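Notes to accompany the following structure.
The values are calculated or read from the model by the stated rules, or taken from the named source; none is laboratory data. Given the structure is predicted, the values throughout are model-derived calculations rather than measurements. Here the Cβ positions follow ideal geometry from the backbone for every residue, glycine too, while neighbour counts run over all protein chains shown. Surface areas here come from the heavy atoms of the whole protein model, side chains and all, with no ligands, DNA or RNA. Shrake-Rupley method; radii C 1.70, N 1.55, O 1.52, S 1.80 Å.
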Amino acid sequence: MRKKIKWVAISLVVVLIGVILSTLIGTNFGKTKIEHLQLVDKAGYRVSANLYIPKTATSTNPAPAMIVVPGGDDAADSMSPWADELSRRGYVVVTVDYSGEGDTEVNPNEQYFSAANGAMELDTAYDYISNLAFVDKNQIGVGGHSMGSMYSFRLALVRHVKFVVSDVIYNDKLPDYNFNFIQICATHDEGILGRVSKIEDLYTDKFLCSLFGTDNITPNKVYGSWQDSNARVLYTVNQTHPDDMVRGQFIEKMLSSVMKSADAPTPINPDNHIYAWKIVGMIIAVIGMGMFLFSLAGALLETAEFGKLKLSNNKQIAGLAYKSKAWWIYAVILSLVPVITFFPGTAVGNSMTSNNLFKLGTTPNGFMVWSLFSAVLMLALFFVFHFTVGKKQGGNLSTYGFGTIENKNKITLAYIGRSALFAVILYASAYFLMYLIYNYAKTDLHIWTVDMRPLALQRIETFPWYYLGLLPYFVTSLLAGKALSFGNEDDSKGKSLCKSVIFGTVIGMIALVALYIVHEVYLRNGTSGAFYKGHFANFYMTSLECMIPEFGFASALALYINKKTKNNFAGIFIGVALVTFFIITSNALSMII
């Protein structure tokens, strides 16, 4: 028990180191103050944002400002690389949770597609900062990633901005005043290449050409004048769509253009960056959180109350002989299930209309439906094993990990209740730690497009329904995995435990990892975008950069608890809870409810 507590303490130290490093970078070593804002729009809807205030910005020396907008299904903190570098140079920055994202509520009159002047609540953020004494209200710009670019352009139609930074193209009307426009396009942008056949088509795009005042745009050429606030420039960078959030070459061009549009109070060369160290800090903190969950789970199972979950003498199904021909065939088929169901599952989910139960947008709903498709195939695979091998080996509720009394084919409510309490304590402990980080370090936990923060009430309301939707995946994945033995050793401890957890997780994720790698290699080395674009498949494949680590970690923890207890319930409960949290916290609430 003492050793388990030691690892809990070590994990907390790792989290603290990561948070301190990321905070130092985010605040520019104390030179920038970060505030969480809870604004209210004119109709009474809540709008959340982060405000970066450099010490050089004062009422006697007001600073230029920039509103920075995340892409679809991303929260404000995901744009911290932009915000960190801009605030280092003396700009006041506000990163906004647009309508439906983060803690921002959905105001139907702010929707870009249903309201004539819908600006996704960016106008609320603009009105707030334009009234701050330390902000030069004549030098407020806006820019964003992906859908955030469109929202930025929408703001320019309803408020006077100094400049707009965009990384995608959208056909919309033009503002009737002068402003600088910066288009920075990734040459392998799966979003843009979903709209045009090749990146060169942008140079003759009707909307962009009308904005630039030419029939054929020359990349890197400045049209108009920065000083006269009518500059137009299109840059191309060799990267993909999500790279725009974090890649140095993109951020360098963004900074250079902003500094030409509004002089930096603290001039620093645009190629001088420190934000990568914040990403390192976040990686350390997230690793620490993972260590915390594993070590706390182990410590709880050593207590008198939760030690009762360990059915140490429970007989387990023998399964297929380790590394036999049948074992390898089964393992390959099991690993291919998520890929086989990926495109049809996400296609069906992408067409799913958001409703009062499943309030998130099409992407998370697509992944939920994909998990259900996978669950059906894994259940079928398990039945094949059971009726050909498992039944002969005495397969039943107990040997498959659902019996709650040692070596008895029975399920008791007391055991299920204790398993649920175990999962609740584990989840609540990690959630409380994240809550402390968010409120005292003024940051959520985010790496690239993975974003974790405490849930607003409107998100908590959706939790039970997504939990139920994701539950079959974990039940069937543990059940199907029972066919694969990893030798005759006791896999509830030591190296055998590590081997079974690692191998089990790898088998579940390896084909998805291969699909993601194929997608990325094809995308980054081709000129026509993703190899398959139907039903938004290109975005679902890109989103695997979030789903693989999230599903992988939750599956590994569920397997770890399963091996320690020789029972499925506690592992299933916490595994489903974590994936449900990941999906709900990272994705925008539907904007059409």
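Only one residue in GLY148, GLY118, GLY144 is of a type in the set (Gly, Ala, Ser) and at pLDDT below 90. Which one?
GLY118
Can LYS410 be described as assigned to a loop (DSSP other than H, G, I, E, B) and either without any contact (Cβ under 8 Å) to a residue 60 or more places away in the chain or small (Gly, Ala, Ser) (or both)?
yes
Could you please let me know if LYS408 is touching a helix residue (DSSP H, G or I) at 6+ places or on another chain (Cβ under 8 Å), open to solvent by 20 Å² or more (accessible area, probe 1.4 Å) and farther than 30 Å from ILE333 by Cβ?
In short, no.
Quick check on segment 562-579. Is at least one of its residues surrounded by fewer than 17 Cβ atoms within 10 Å (Cβ to Cβ), among the β-branched types (Val, Ile, Thr), out of contact with any strand residue (DSSP E or B) (no Cβ under 7 Å at 6 or more places or on another chain) and in a helix (DSSP H, G or I)?
no
Confirm whether LEU559 is open to solvent by 20 Å² or more (accessible area, probe 1.4 Å) and touching a residue at least 60 places away in the same chain (Cβ under 8 Å).
Answer is yes for this residue.
Return the residues of segment 473-498 that are within 17 Å of SER335 (Cα to Cα) and part of a helix (DSSP H, G or I); say none if nothing qualifies.
TYR473, PHE474, VAL475, THR476, SER477, LEU478, LEU479, ALA480, GLY481
Please state which one of ASN178, ASN138 is in a strand (DSSP E or B) and either at positive phi or out of contact with any helix residue (DSSP H, G or I) (no Cβ under 9 Å at 6 or more places or on another chain) (or both).
ASN138
I'm trying to understand the selection: among the residues of segment 213-255, which are in a loop (DSSP other than H, G, I, E, B) and in contact with a Gly (Cβ under 9 Å, 6 or more places away or on another chain)?
GLY213, GLY224, ASN230, ALA231, HIS241 - these are the residues of segment 213-255 that are in a loop (DSSP other than H, G, I, E, B) and in contact with a Gly (Cβ under 9 Å, 6 or more places away or on another chain).
Of these, VAL369, VAL384, VAL348, which one is of a type in the set (Val, Ile, Thr), open to solvent by 10 Å² or more (accessible area, probe 1.4 Å), free of Cβ contacts under 8 Å to residues at least 24 places away in the same chain and assigned to a helix (DSSP H, G or I)? Walk me through it before giving the result.
Working: VAL369 fails: free of Cβ contacts under 8 Å to residues at least 24 places away in the same chain; VAL348 fails: free of Cβ contacts under 8 Å to residues at least 24 places away in the same chain.
Answer to the selection: VAL384.
Conditions tested, residue by residue: (1) within 22 Å of the chain's Cα centre (by Cα); (2) not charged (D, E, K, R).
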| position | (1), (2) |
| --- | --- |
| TYR235 | no, yes |
| PRO242 | yes, yes |
| MET245 | yes, yes |
| GLY248 | yes, yes |
| MET254 | no, yes |
| SER257 | no, yes |
| PRO265 | no, yes |
| ASP271 | no, no |
| LYS278 | yes, no |
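Here is a yes/no grid of residues against (1) in contact with a Ser or Thr (Cβ under 6 Å, 6 or more places away or on another chain); (2) at pLDDT 95 or above; (3) not in a loop (DSSP other than H, G, I, E, B):
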site: LYS392; (1), (2), (3): no, no, no
site: GLY395; (1), (2), (3): no, no, no
site: THR399; (1), (2), (3): no, no, no
site: PHE402; (1), (2), (3): no, no, no
site: PHE422; (1), (2), (3): no, yes, yes
site: ILE425; (1), (2), (3): no, yes, yes
site: ALA428; (1), (2), (3): no, yes, yes
site: PHE432; (1), (2), (3): no, yes, yes
site: ASN439; (1), (2), (3): no, no, yes
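Given the structure, is GLY319 more than 20 Å from VAL576 (Cα to Cα) and either crowded, with 20+ Cβ neighbours inside 10 Å or more than 24 Å from the chain's Cα centre (by Cα) (or both)?
Considered against the rule, which asks whether it is more than 20 Å from VAL576 (Cα to Cα) and either crowded, with 20+ Cβ neighbours inside 10 Å or more than 24 Å from the chain's Cα centre (by Cα) (or both), GLY319 comes out as yes.
Which of the strands (runs of 3 or more DSSP E) found entirely inside segment 20-123 contain at least 1 residues meeting this: touching a residue at least 24 places away in the same chain (Cβ under 8 Å), surrounded by 18 or more Cβ atoms within 10 Å (Cβ to Cβ) and among the polar types (S, T, N, Q)?
Filter on segment 20-123 gives 32-40, 46-54, 92-96.
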